[in-house]
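Before any comments, here is the structure.
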Amino acid sequence: MSLQLVFDALSLGGIYAIAALGIALIFGVMKLVNFAHGQFIAFAVFALIVPSANAVATLGIGALPAPLLITLVLAIGAGLAVLAERLVFRPLRDASPVSLMVASFALGVMLQNLLLVTYGGRPKAVSLWAGLGAPVPVLTAQVPLLQLIVIGAVAAILAGLALMLKRTRIGLEMRAAAEDFGMARLLGVKANVVISGAFALSGALAAVVALVLVAQTGVADVRMGGQIMLVAFIATVVGGMGSLPGAVAAGLLIGAASALLQAFLPPEARPFRDAFLYGLVILVLLARPQGLFAPAGAKPRV
Amino acid sequence: MSKLGLFDLAVRYGKLTALANLSFTVAEGERLFISGPNGAGKSSLLGAISGAVKAAHGRVEMDGEILSGRAPEEIARRGLSMVPEGRRIFAGLTVQENLLVGTGQRRDRGAVADDLATVFDSFPILGERRHAPAGALSGGQQQMLAISRALMTNPKLMLVDEPSLGLAPKIVDEVYERLCALQALRGLTLVIVEQSSARAARVGGRMLLMRGGRIVADGDAAGFAAQDLLTEAYFGDAA
């Protein structure tokens, strides 16, 4: 029971952390809270299946062998995000953070409607990697294989991202730009390269979340990105806007708190789990309004 | 050909005129001080040269090439570097990472490593703390880091905005000593905004005196201190 709880907390928190990173990366370099991130996730989900209004989806890309499928979906997520930056956010680069945020809402609504027109509004059953639900014995617990894969993938992604930020040229430029974009440009750092890079990474992370959501729930729903986007946004605020480690830590914390509440709340209170969860969030923000890991340079402007 | 040329350059913020049709040139290897009271347009001038501030009119040329209208990063990549007001160190990056941010456009990778070694030789404290977060350095050390960071881009022309701001006089002496030594060593052209014309006179070079977005005097810095021009610039014609 308790070991199972640890796996639940880690896998849920891990997904929240990946989603929060997708938002924090863009906020870091552009001071944009991208509310279209949830629709990026939904878009990547629907990219797996053939367009139709049927209740049971036919896999398109989703039927490919896993390595090819994953590569393609990540590329689609990254491509969509880069395209969105080029068409929507680049022309608005000098606009206020509030205008940028509103533009991201508008983009999100447009993407959602694009999906509605193409696939219809009904949630669809999608069977992606059906074998992954099988339980695997780990010490005293029976853990679904998918959960182990998710935890491993999240750990690998976080490690890879940390290495990229720490060791590569683009990583250094992204961190410098997140602290003081104007100064970075005065030193020859190309704004377009850094921002496109951040969007590409963010879009790829959205695609990772999409794959996990579909594999876990077996459903494709136009609205499915919205809920996780909300949690991810809260995680970036709790972690401290602009802090990538903060977003990861807060994502994990919220996932863990959610799993713990689910396990230990009295059964009659469980339907209201989220109210307890957000109550905790408010308590944390009352104690630390700037977030748990707010960086010195990035004040929230929204 | 002059290193830097401003032709009829104007900068406006809304209805406020920050720079009113400025023209002057700076020769290769020259040291030019820009002095004047607060609000004279000194920082707007540097901003307009570096591309951070858009010119409303006129143009800036470096080596005969027009810079106006280009993005700051493009201007930086043409050999212009900036030591900004308030230093603007990347506090969360290490000292060494700060130095490397501006080297992305350089093709001479071997020379980058040499330059880094040179920085650590000239400023041993930066070498000792190369892996420490830059935000932990003292104000004077951060100023040295800001200068070194600008040099790491291998610039031909360096703009320095108020290097003495918030530093003890002794540290300011040292900052200027270093700047002048580096200039001599590398044949840099320097444009320095310095509030204190007395300081400029002591360091030596050419000086432009600004007031209300205009140049009110242009000449040898050492000659200025004694003249009434200074008083006039700061207090107006009534003085």
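The values are calculated or read from the model by the stated rules, or taken from the named source; none is laboratory data. Remember, predicted model here, so these are calculated numbers, not experimental data. FYI the Cβ positions are ideal-geometry reconstructions off the backbone, even for glycines, and counts take in every protein chain you see.
Per-structure values
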quantity	calculated
Helices (runs of 4 or more DSSP H) contained in the range B:51-142 and holding at least 1 residues within 14 Å of chain A (Cβ to nearest Cβ)	B:72-77, B:95-100, B:109-122
Qualifying residue in the range A:164-182 (condition: away from chain B (no Cβ under 14 Å) and exposed (fewer than 14 other Cβ atoms within 10 Å of the Cβ))	no
Total residues in the range A:1-51, condition not aromatic (Phe, Trp, Tyr) and not in a helix (DSSP H, G or I)	11
Condition met for B:Val160 (part of a helix (DSSP H, G or I) and not charged (D, E, K, R))	no
Residues located in the range B:163-180, provided they are in a helix (DSSP H, G or I) and in contact with a strand residue (DSSP E or B) (Cβ under 8 Å, 6 or more places away or on another chain)	B:Leu179, B:Cys180
Residue list for the range B:140-165, restricted to those being free of Cβ contacts under 8 Å to residues at least 40 places away in the same chain and among the small types (Gly, Ala, Ser)	B:Gly140, B:Ser164
Number of the condition not met by A:Glu85 [criteria: (1) more than 19 Å from A:Asn192 (Cβ to Cβ); (2) modelled with pLDDT of 90 or more]	(1)
Members of the range B:7-32 found to be in a strand (DSSP E or B) and charged (D, E, K, R), listed by number	B:Asp8, B:Arg12, B:Arg31
The lone exception for A:Leu187 - which of (1) more than 23 Å from A:Phe40 (Cβ to Cβ); (2) in contact with a strand residue (DSSP E or B) (Cβ under 8 Å, 6 or more places away or on another chain); (3) touching a residue at least 60 places away in the same chain (Cβ under 8 Å) it fails	(3)
Number of the exception - A:Asn192 against (1) within 14 Å of chain B (Cβ to nearest Cβ); (2) in a helix (DSSP H, G or I); (3) surrounded by 18 or more Cβ atoms within 10 Å (Cβ to Cβ)	(3)
Test set (1) at pLDDT 95 or above; (2) within 11 Å of chain B (Cβ to nearest Cβ); (3) under 24 Å from A:His37 (Cα atoms) - A:Ala200 fails condition number	(2)
Residue within the range A:260-283 that is surrounded by fewer than 16 Cβ atoms within 10 Å (Cβ to Cβ), within 24 Å of A:Ala42 (Cα to Cα) and aliphatic (A, V, I, L, M) present	no
Residue in the range A:101-113 that is in contact with a Lys or Arg (Cβ under 8 Å, 6 or more places away or on another chain), of a type in the set (A, V, I, L, M), in a helix (DSSP H, G or I) and at pLDDT below 95 present	no
Unmet requirement for B:Gly47, which otherwise passes all of (1) more than 14 Å from chain A (Cβ to nearest Cβ); (2) in a helix (DSSP H, G or I)	(1)
Total residues in the range B:147-168, condition of a type in the set (S, T, N, Q) and within 18 Å of B:Val193 (Cβ to Cβ)	1
Conditions (1) part of a strand (DSSP E or B); (2) closer than 26 Å to A:Ala24 by Cα; number of the one not met by A:Gln142	(2)
Test: residue in the range B:152-175 that is surrounded by fewer than 16 Cβ atoms within 10 Å (Cβ to Cβ), among the aliphatic types (A, V, I, L, M) and closer than 26 Å to B:Asp114 by Cα	no
Residue in the range A:272-295 that is touching a Pro at 6+ places or on another chain (Cβ under 7 Å) and farther than 24 Å from A:Leu107 by Cβ present	yes
Filter result for B:Val26 (within 16 Å of the chain's Cα centre (by Cα), of a type in the set (Val, Ile, Thr) and within 11 Å of chain A (Cβ to nearest Cβ))	no
